[in-house]
Amino acid sequence: MRGTTITFCAKLPVILNADPNAIKLDDHSFQKGSLSRISFVRPSKLFTANKELIFSEVGFLNKRKTNEIIHAVVSLLTS
């Protein structure tokens, strides 16, 4: 689908001084697949990328984690 964009929250590996809004991703966060290490979603760091730049998928978040991230993004945008 040419021209399709997807919005992402930045995903970063474990860091010592994690963003206070960061949401932890671990093996229990995924419906399918996984990441190689515990990571964090940073709802305050949104960006878009053209779908053609995505080379592979590593997994799909479960509904609970997806809703947690959506709620965090909406809260940041409406506060």
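The values are calculated or read from the model by the stated rules, or taken from the named source; none is laboratory data. Source: prediction; values computed, not measured. Cβ placement follows ideal geometry from the backbone for every residue including glycine, while neighbour counts extend to all protein chains displayed.
One table, with the values for the structure above:
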quantity	calculated
Selection from region 1-53 of residues that are among the charged types (D, E, K, R) and at pLDDT 55 or above	D19, K24, D26, D27, K32, R37, R42, K45, K51, E52
Of all residues making up region 40-59, the number that are in contact with a helix residue (DSSP H, G or I) (Cβ under 7 Å, 6 or more places away or on another chain) and not aliphatic (A, V, I, L, M)	2
Unmet criterion (only one of (1) modelled with pLDDT under 90; (2) on the phi < 0 side of the Ramachandran plot) for A72	(1)
Subset of region 44-63 that is in a helix (DSSP H, G or I) and in contact (Cβ under 8 Å) with a residue 24 or more places away in the chain - its residue that is nearest to L25 (Cα to Cα)	K63
